Amino acid sequence: MDFAFDARTEELRTRLLTFMDEHVYPAEEVAEEQRARLASPWDTPQIVEDLKAEARRQGLWNLFLPDAAYGAGLTNLQYAPLAEITGRSPHLAPTALNCAAPDTGNMEVLSQFGSEEQRKQWLEPLLAGEIRSAFAMTEPEVASSDATNIETRITRDGDSYVINGRKWYISGAMNPDCAVFIVMGKTDPDGEDIRRQQSMILVPRDTPGLEVRRAMQVYGYEDHSHGGHAEVVFTDVRVPAANLVGEEGGGFAIAQARLGPGRIHHCMRLIGMAERAIELMCRRAVARTAFGKPLAQQGVVQNWIADARVTVEQLRLLVLKTAWLMDTVGNRGAHTEIQSIKIATPRAVVGILDQAVQLYGAGGVSQDFPLAELWASARTLRLADGPDEVHQRSLARREIKKYL
């Protein structure tokens with residue numbers, strides 16, 4: 001395993017770091033000021049559109065997509081350090097580069113499983129940043145960490161499918177630019193194979209019967225970067241049969257294909273969040289005095305910073321190994337490592353951010369610094385794409401199986 005950056009990665013890193021310094025970090029406060037003046041909190045501040053235009057002009061666009069026909073054609077190992085950089089400003093940078101969830105996963109689904117017509121209608125404008133999208137899987141009435149529990153029904157009726165169900169925490173749904181939902185539901189609820197009961201289908205936002213009922217908060221925050229999280233109700237929503245993604249009964253497999261890259265992207269960005277936290281801790285430690293000496297000379301603060309550095313270096317190596325395996329042996333071959341980083345990274349980064357909050361005192365829980373919102377994002381990622389316990393269960397079963 002050679003994790004040295006190749007020439008292309010190094011060139012993109014240099015350009016991206018400059019883009020962050022010159023455009024993204026200065027835009028953070030501006031974005032909040034502009035959002036406060038908007039008619040709706042879900043409207044996009046002008047500064048975000050300006051960032052997108054500049055990123056596209058600089059060629060820092062769709063870096064996440066390994067398919068060179070649609071994206072930058074980078075490997076996971078090449079993209080990892082770039083995603084880490086964007087994680088330092090997770091509520092602006094990924095959106096600016098058109099690399100924000102849930103659009104990234106939806107674009108991957110359409111590029112891999114969509115028909116030519118579906119790619120033309122939805123993938124192309126998503127790649128161009130002209131529209132946003134949502135992914136509707138999680139449901140409030142069942143344990144959605146087990147996808148076989150999903151109760152939304154997708155029923156064939158002649159040349160159409162009719163959708164009925166209730167979803168929540170549907171990322172992207174509050175954004176007025178969200179034009180299409182990828183909905184997961186059951187087309188064959190009584191099927192013998194529980195992993196062939198589900199399908200995915202495209203539902204345009206303006207389809208009758210689709211109701212975006214309310215915004216869902218995340219630890220009191222409204223996640224503008226992902227277009228919000230919403231409760232969505234589907235009541236006799238009718239769409240053409242041609243809107244089915246892939247084949248009927250293929251929804252579970254598509255979901256697994258979608259979540260693999262998504263999990264590693266989250267972990268890459270989490271490392272960037274941890275790096276931002278360490279930087280903020282160090283700046284605070286040298287600027288504040290307590291009990292007669294700078295915080296930087298307090299033993300407990302030194303321990304926090306040292307432990308954070310060790311933890312981040314360990315996590316980065318594991319994430320890079322996972323990216324390398326995904327590139328060389330595929331997602332299935334990297335199954336253990338994907339689950340390992342999904343368990344370890346959010347948990348550890350939450351701990352680092354918690355210590356950073358402690359160091360900042362009241363400022364750490366305020367809106368004047370990014371730490372509280374970063375903490376909320378990192379803590380949420382212990383649930384997103386499957387809670388820790390689901391991955392621990394699967395990982396333990398794979399380990400135990402070696403001895404049976």
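I need to check one value: relative contact order of the chain, counting alpha carbon pairs closer than 8 Å and at least 6 residues apart, in percent. Normalised by residue count, the contact order of the chain is 14 percent.
Please go through the residue pairs LYS293/LYS321; LYS321/LYS402; LYS52/LYS186 and name each one whose alpha carbons sit more than 30 Å apart in this structure. Over 30 Å apart, Cα to Cα: LYS293/LYS321; LYS52/LYS186. Of the labelled figures [x] 30.7, 99; [y] 21.4, 78; [z] 31.0, 96, only one reflects Rg and Dmax of the Cα atoms in Å as derived from the coordinates, namely [y].
Judged by the mean number of other Cβ atoms found within 10 Å, the most tightly packed of the peptides 391-399, 63-71, 173-181 leads the ranking 173-181, 63-71, 391-399. The residue among MET281, VAL30, ILE271 whose Cα reaches farthest toward the positive pole of the charge dipole of the chain, with charges on the beta-carbon of Lys, Arg, Asp and Glu, is MET281.
Between 0 and 90 degrees, the angle of helix 388-401 with respect to the longest Cα principal axis of the chain falls at about 80 degrees. Taken about its Cα centre, the chain carries a charge dipole of about 1080 debye when Lys and Arg each add +1 at the Cβ and Asp and Glu each add -1 at the Cβ. Placing R0 at 51 angstrom, the Cβ-Cβ distance between GLU28 and SER115 gives a FRET efficiency of 0.80 after rounding to 0.05.
Fewest neighbouring Cβ atoms within 10 Å first, the residues TYR221, TYR403 line up as TYR403, TYR221. Once each part is reduced to its C-alpha centroid, what is the distance from the range 260-294 to the range 167-224 in angstrom? The range 260-294 and the range 167-224 have Cα centres separated by 33 Å.
Counting neighbouring Cβ atoms within 10 Å and putting the fewest first, the residues ILE131, ILE85 line up as ILE131, ILE85. Computed from point charges on the beta carbon alone (+1 for Lys and Arg, -1 for Asp and Glu), the dipole magnitude for the range 252-401 about its Cα centre is near 240 Debye.
About the Cα centre, and with charges only on the beta carbon of Lys, Arg (+1) and Asp, Glu (-1), how big is the dipole of the range 132-245? Nearest 20 debye, please.
180
Against the chain, whose longest principal axis is taken from its Cα atoms, helix 335-360 shows a tilt of about 40°.
Classify the range 7-114: rounded, prolate or oblate, from the alpha-carbon gyration tensor (a ≥ b ≥ c, eigenvalue square roots; a/c under 1.5 rounded; otherwise prolate if a/b is larger than b/c)? Oblate is the answer for the range 7-114, as a/c is 1.5 or above yet b/c matches or exceeds a/b. Ordered by the count of other Cβ atoms within 10 Å of each Cβ, fewest first, LYS52, LYS186 give LYS52, LYS186.
Only bridges whose two residues both fall in the chain count here: according to DSSP, what percent of them are antiparallel, nearest 5?
Among the beta bridges of the chain, antiparallel pairing accounts for roughly 85 percent.
A simple spin-label model places the labels of ALA290 and ASP43 4.2 nm from each other, with each point 7 Å out along Cα-to-Cβ. Considering only GLN197, THR207, ASN175, and ranking their Cα positions along the charge dipole of the range 132-245 that arises from unit charges at the beta-carbon of Lys, Arg, Asp and Glu, the one farthest toward the positive end is ASN175.
Since every read-out is calculated from the coordinates, none of them should be taken as a lab result. Everything numeric here is computed off the predicted structure, so don't read it as measured data. A quick note on method: Cβ atoms are made from the backbone with ideal geometry, for glycine too, and the neighbour counts reach across all protein chains shown.
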